[in-house]
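Right, one structure below, let's go through it.
Just so it is clear, none of the values below were taken in a lab; they were calculated from the coordinates. In this text the structure is predicted, and so the values were computed from the model without any measurement. Please note: Cβ atoms are built from the backbone with ideal geometry, for glycine as well, and neighbour counts cover all protein chains shown.
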Amino acid sequence: MSEGSDKREFTRVAVDIAAEVQRPGGQSVMGVVEVISMNGLMISAEENLPDGLHCQIKLILRGGITPMAFDVLAEVVRYDKPNKIAFSFTQIPVESYSHLKNIVLANASESDVVEDEFESHIGIRPKKK
């Protein structure tokens, strides 16, 4: 997936972040986030999840002295083989929004484009004109 192509609202960036997807009822699926944007993400996982499933995703950031984690709420929008699951964010808690923003900005090849996207939105919603 290329950054900022095909008229998407937000730039997508390649990452390597551990993820724990919690299904309703408490069962978890572990995976690795490969691509992320302010709208959603794609993970590689050993299990399939059905389209339309609403779940909580814990993103686990490593690299510091202690791992840090934050949560987003998402819906499965597509399952691509082999083992790729695309999610659209349905809710980003306030405390998680800045972490997500920093991840996208830190991994973007065109940070000025990403900054413009942030400026043209209130959170993940476009500003009214």
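Efficiency by 1/(1 + (r/R0)^6): what FRET value for GLU47 and TYR97, r their Cβ-Cβ distance, R0 = 35 Å, to the nearest 0.05?
The pair GLU47/TYR97 has a calculated efficiency of 0.80.
Each of ALA18, PHE118, VAL94 was placed along the dipole of the chain (beta-carbon charges, centred on the mean Cα), and the one lying farthest toward the positive end is VAL94.
Let me check against my output: what whole-number percent is the relative contact order of region 59-118, with C-alpha pairs under 8 Å and at least 6 apart?
It rounds to 22 percent for region 59-118.
Here ASP116 and ARG78 are evaluated by their C-beta separation; at R0 = 30 Å the FRET efficiency comes out at 0.65. Full extension of the segment from ARG62 to GLN22, taken as 0.36 nm per residue of separation minus the current Cα-Cα distance, would add 12.5 nm. Counting neighbouring Cβ atoms within 10 Å and putting the fewest first, the residues HIS99, HIS54 line up as HIS54, HIS99. If you model the chain as an ellipsoid using its alpha carbon gyration tensor, with each semi-axis the square root of five times an eigenvalue, the axes come out at 23, 16, 15 Å, biggest first. Could you work out the helix-only [θ] at 222 nm for the chain, with each DSSP H run of four or more residues adding -39,500 (n - 2.57) and the total divided by the number of residues, to the nearest 500 deg cm²/dmol? Helices in the chain give a 222 nm mean residue ellipticity of -5500 deg cm²/dmol.
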